[in-house]
Amino acid sequence: MVYLTRKIEFSASHVYHNPALSAAENKRIFGKCNNPHGHGHNYTLEVTVAGEPDPVTGMVLDLKDLKELLEREVMQRMDHRHLNIEVPELAGQIPTCENIARVIWNLLDPKITQGKLHRVRLYENSDLFADCYRNGSAGRS
Amino acid sequence: MNNGSVHVELGRRYHFAASHRLHSPQLSEEENCRIYGKCNNPYGHGHNYTVEVRLSGQIDPTTGMISNLADLDEFVNERVIEPFDHRSLNEEVPAFRNVVPTTEILCIEIFRRLQSFPHARLEAVKVVETSNNSFEYTGNNQRTQT
């Protein structure tokens with residue numbers, strides 16, 4: 001098995017606010033991230049696909065296809081967007097790293113047909129990230 | 001909230017600087033010098049360590065988080081960063097009094113200290129000693145590295 005990883009970067013704004021909680025609770029739980037005017041990050045996304053190299057092309061999958069998929073599904077949807085307002089897949093969810101990574105996993109997984117999606121890693125900054133794997137892969141549950 | 005068919009982990013990185021000396025009292029001076037080289041310098045030396053902590057769990061639908069970061073930061077700061085930062089690991093951390101504080105051992109010790117985090121399951125601890133050397137410990141978790 002070979003693991004191939006492609007990295008992209010996008011910039012987006014968001015705000016952490018749960019309307020089911022009081023203003024004071026929102027402030028206590030989310031701190032600075034609760035600023036109603038929003039704030040933004042430069043996100044780095046790493047997408048890892050696992051598979052065997054094709055005997056003819058030597059590729060797990062065509063990187064050009066993966067690049068186009070990431071452009072279509074992630075860049076066009078999220079780059080220079082407000083994640084709470086402009087990304088329907090995140091509607092009603094707090095756009096944390098965990099939730100954004102899971103949305104990206106669910107967008108990409110059915111569309112990767114050569115090899116299998118192995119990991120989605122989304123960095124909000126160099127010290128904070130979320131990983132998604134397939135449930136049940138290598139002891140994960 | 002059930003994460004569905006996806007296993008989600010939260011990763012957080014912390015930084016501390018500390019000195020250490022690699023020296024085993026079970027070995028002769030020559031053997032220590034041969035095995036540990038420069039790291040055996042009796043005056044010690046130091047590194048800027050990065051500790052990567054990975055945790056898994058359900059994403060809480062109220063907060064969108066596996067674990068509140070403030071809780072995690074407080075836990076890690078109290079158990080690892082405060083006792084290790086700007087310290088001599090050999091002389092000031094009792095856990096390393098009788099073992100050689102290689103980064104392998106350091107990684108296992110940090111995992112042990114963080115294992116009881118109450119809000120999520122500890123999956124792995126990775127310690128980056130320099131940009132060229134890093135170590136990862138997963139306890140009894142079965143994992144595939146990538």
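So which of A:Lys7/A:Lys67; B:Lys38/B:Lys126; A:Lys67/A:Lys111; A:Lys67/B:Lys126 end up more than 19 Å apart, counting from Cα to Cα? Working shown, then result.
Working: A:Lys7/A:Lys67 9 Å; B:Lys38/B:Lys126 24 Å; A:Lys67/A:Lys111 12 Å; A:Lys67/B:Lys126 29 Å.
Over 19 Å apart, Cα to Cα: B:Lys38/B:Lys126; A:Lys67/B:Lys126.
Under 14 Å from a label point 7 Å along Cα→Cβ of A:Val56: give me every residue in the range A:102-137 with its amide N that close.
Correct set: none at all.
If you place +1 on the Cβ of every Lys and Arg, -1 on the Cβ of every Asp and Glu, and leave all else neutral, what size is the dipole of chain B about its Cα centre, to the nearest 20 Debye? Don't jump to the answer; show the numbers that get you there.
On the way: 14 positive and 19 negative charges, 47 e Å.
With Lys and Arg at +1 and Asp and Glu at -1, about 220 debye.
Quick check: with the 1.4 Å probe, what order do A:Lys32, A:Lys27 take by accessible area, largest first?
A:Lys32, A:Lys27
Place +1 on the Cβ of every Lys and Arg and -1 on the Cβ of every Asp and Glu in the protein assembly as shown, take the dipole about the Cα centre, and give the residue among B:Gln26, B:Phe111, B:Phe84 whose Cα lies farthest towards its positive end.
Comparing the listed Cα positions along the dipole, B:Phe111 ranks first.
Which of A:Gly115, B:Ser67, A:Val47 sits farthest toward the positive end of the charge dipole of the protein assembly as shown, with +1 on the Cβ of Lys and Arg and -1 on the Cβ of Asp and Glu?
Value: A:Gly115.
Sequence-distant or interchain residues sharing an amide H contact under 5 Å with B:Ala124, placed H: which?
The answer is B:Arg54.
For chain B, what does the helix formula give at 222 nm: sum of -39500 (n - 2.57) over DSSP H segments with n ≥ 4, over the residue count, nearest 500 deg cm²/dmol?
Mean residue ellipticity at 222 nm (helix-derived): -6000 deg cm²/dmol.
Just going by the charge dipole of the protein assembly as shown, with Lys and Arg at +1 and Asp and Glu at -1 on Cβ, which of A:Thr5, B:Gly37, A:Asn106 is farthest out on the positive end?
Highest projection toward the positive end goes to A:Asn106.
Specify the angular offset, from 0 to 90 degrees and rounded to the nearest 10, of the alpha carbon long axis of helix A:97-108 from the longest principal axis of the alpha carbons in chain A.
Relative to chain A, helix A:97-108 is tipped by roughly 40 degrees.
Cα centroid distance between the range B:84-124 and the range B:31-67, in Å?
Comparing the Cα centres of the range B:84-124 and the range B:31-67, I get a distance of 8 Å.
Can you pull out the buried accessible area for chains A and B, both sides counted, probe 1.4 Å, rounded to the nearest 100 Å²?
Working: alone 8260 and 8950 Å², together 14610 Å².
Summing both chains' loss of accessible area gives about 2600 Å².
Show B:Arg113, A:Arg81 ordered by accessible area, largest first, where the area counts protein heavy atoms only and the probe is 1.4 Å.
Ranking B:Arg113, A:Arg81 by accessible area, largest first, yields A:Arg81, B:Arg113.
For chain A, which whole percent of the accessible surface, found with a 1.4 angstrom probe, sits on carbon and sulfur atoms?
In chain A, the share of accessible area belonging to carbon and sulfur is 52 percent.
Run the paramagnetic zone check for B:Cys39: 7 angstrom along Cα to Cβ, then residues of the range B:106-129 with backbone nitrogen under 20 Å.
B:106-112, B:125-129
So what is the accessible area of the protein assembly as shown per residue, in Å², with the probe set to 1.4 Å?
51
The values are calculated or read from the model by the stated rules, or taken from the named source; none is laboratory data. Computed from a prediction, not measured in an experiment: that's the story for all the values here. Backbone-built Cβ (ideal geometry, glycine too); neighbour counts: all protein chains shown. Just the protein is used for accessible areas: all its heavy atoms, side chains included, with ligands, DNA and RNA removed. Shrake-Rupley method; radii C 1.70, N 1.55, O 1.52, S 1.80 Å.
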